[in-house]
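Following: one structure in structure tokens, then a few remarks.
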Amino acid sequence: MMSLFLLVLGLALVTYLPRLVPLLWLKELALPAYMKRFLSFIPYAVLASLIFPGVLSSTTTTTSALFGGVVATMLALLRVNLVVVVIGAVFGVYAFQTLF
Amino acid sequence: MATSVQSTSPSSQQSTFRAGLRAGIPVAIGYIPIAIAFGLLAKSFDLPNVITLSMSFFIFAGASQFITVQLLMTGSMYWEIILTTFILNSRHFLMSASLSQRIDTTSRKLLAAIAFGVTDETFSIASTRKEARSGLFVLGLNTIAFLAWNIGTWIGVFLAFGLPGTLQASMGIALYAMFIGLLVPSLTNRPVFVVASFAIVMQAVLHWMITPFFPISDGIRIIIATVVAAGIGAFLFKEGEVS
């Protein structure tokens with residue numbers, strides 16, 4: 001039990017450090033322009049990498065996941081609120097799985 | 001732009017924090033069912049409740065918590081679990097690096113608090129919302145995500161009920177829908193479109209052409225695809241920084 005708790009603390013440490021170090025120390029450095037451009041592209045590169053191919057295995061079947069992805073994309077194109085995109089996709093998948 | 005936290009009035013600080021809480025609602029919706037599932041999984045493996053709850057409280061990293069429980073049950077060594085977690089979560093290094101350039105806040109205490117809540121999901125919101133230059137906004141966002149994650153874990157552990165099977169399966173799309181909702185509106189910006197396309201191509205190559213022969217973990221694949229795509233973007237587009 002104690003050793004399990006120490007494991008949790010160890011995991012907490014190796015999870016926190018990569019989150020903390022850049023936020024504390026990169027802030028003060030004057031980064032070259034290409035580095036700044038690189039970092040400004042990170043969010044979009046991360047988003048795309050997170051979406052694909054993970055989305056395909058996010059529900060029980062690839063087809064329902066794909067359907068949910070398409071619903072989310074269409075709602076996003078309509079620029080509706082993010083909560084609506086999320087709930088719409090969930091119900092889209094739910095409907096798809098109930099109907100097919 | 002030199003508005004430090006100290007110089008703004010308490011009421012506007014509060015409203016910035018609250019705006020962050022509101023912006024985090026989609027994250028919370030996505031987190032609760034996953035956290036419930038995590039609590040249930042840990043429970044089904046007879047992991048002590050206090051360990052399950054402290055994992056969500058101290059670690060606060062979804063995928064690696066699931067993997068940790070699974071590795072514990074298959075009798076992995078502790079150092080293997082720690083190494084796996086480190087590799088899986090080192091992608092947050094890139095996210096924090098990117099955030100460090102965005103956030104105006106200079107208070108080291110506030111930055112250290114924000115760092116704890118950097119996840120794929122909170123980062124995605126923080127880096128696509130204009131208000132997120134304020135540290136308090138990001139703190140609010142991270143706080144609601146953290147609360148949702150922990151409340152969900154408690155529900156899974158103590159109430160031991162999940163959503164009905166079909167709804168639970170449908171909830172799996174929630175966070176991906178959020179990522180799509182955050183990315184798609186930005187695709188009208190050509191550099192963003194090009195960078196996102198390169199990331200997807202990289203992921204496809206890594207996932208279907210490399211991983212079958214040379215196993216690469218999800219965390220490493222995300223890091224490689226992100227670094228290559230953002231690197232290409234920085235190389236191709238010299239001017240007109242995306243915001």
List the relative contact order of segment B:48-166 as a percent without decimals, with contacts defined as Cα pairs under 8 Å and 6+ residues apart. 29
Evaluate the charge dipole of chain B about its Cα centre and quote only its size in Debye, nearest 20, assuming +1 on the Cβ of each Lys and Arg and -1 on the Cβ of each Asp and Glu. 460
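Under unit Cβ charges (Lys, Arg +1; Asp, Glu -1), what dipole magnitude, rounded to 20 debye, does the protein assembly as shown have relative to its Cα centre?
So the dipole magnitude of the protein assembly as shown works out to roughly 680 debye.
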Can you work out D for segment B:61-180 in µm² s⁻¹ from Stokes-Einstein, where Rh is the Kirkwood radius over C-alpha pairs, the temperature is 25 °C and the viscosity is 0.890 mPa s? 151
At a Cα cut-off below 29 Å, give the lysines reachable from A:LYS27, other chains included and same-chain residues fewer than 8 away excluded. A:LYS36, B:LYS109, B:LYS130, B:LYS238
Counting other chain Cβ atoms within 10 Å of each Cβ in B:193-203 and taking the mean gives 5
Rg to Rh, two decimals, where chain A supplies the alpha carbon set and Rh follows Kirkwood: 1.15
Please get the size of the charge dipole for segment B:108-185, origin at its Cα centre, with Cβ charges of +1 on Lys and Arg and -1 on Asp and Glu, quoted in debye to the nearest 20. 340
Cα-based convex hull volume of segment B:135-243 per residue, rounded to whole Å³: 163
Top mean-square fluctuation among A:THR61, A:THR73, A:THR15, Gaussian network model of chain A, C-alpha springs under 10 Å? A:THR15
Jot down the radius of gyration and Dmax of the protein assembly as shown, Cα atoms only, both in angstrom. 19.4, 58
Got the relative contact order for chain B handy, in percent, Cα pairs under 8 Å and 6 or more residues apart? 32
Sorted largest first, the Cα spans of chain B on the principal axes come out in Å as 53, 51, 37
Around B:ALA19, under 10 Å between beta carbons, what's the net of Lys plus Arg minus Asp minus Glu among the other residues? +2
Comparing A:VAL14, A:VAL84, A:VAL70 in a Gaussian network model of chain A (Cα, 10 Å), the one with the largest mean-square fluctuation is A:VAL14
Take A:THR98 and B:VAL201, extend 7 Å from each Cα along the Cα→Cβ direction, and tell me the distance between the two endpoints in nm. 4.2
Segment A:36-70 to segment B:131-203: how many Å between their Cα centroids? 10
Taking springs between alpha-carbon atoms closer than 10 angstrom, which of B:ASN189, B:ASN89, B:ASN49 fluctuates most in the Gaussian network model of chain B? B:ASN189
Selection from A:PHE5, B:THR105, A:VAL86 lying farthest towards where the dipole of the protein assembly as shown points positive, charges on Cβ: B:THR105
Distance between modelled label sites at B:ASN189 and B:ARG102, nm, 7 Å Cα→Cβ extension: 1.0
Theoretical gain in end-to-end length, A:MET2 to A:ASN81 [0.36 nm per residue, Cα-Cα removed]: 23.9 nm
Of all chymotrypsin sites (Phe, Trp or Tyr not before Pro) in segment B:139-175, the ones in DSSP coil with at most 15 other Cβ atoms within 10 Å are B:PHE161
Selection from B:THR52, B:ALA23, B:SER170, by position along the positive dipole direction of chain B (Cβ): B:ALA23
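Each reported figure results from applying straightforward, stated rules to the coordinates on display, with no laboratory input. The shown structure was predicted, so the numbers you read here are calculated from the model rather than taken from an experiment. Here the Cβ is made from the backbone with ideal geometry for all residues, glycine too, and neighbour counts use every protein chain on show.
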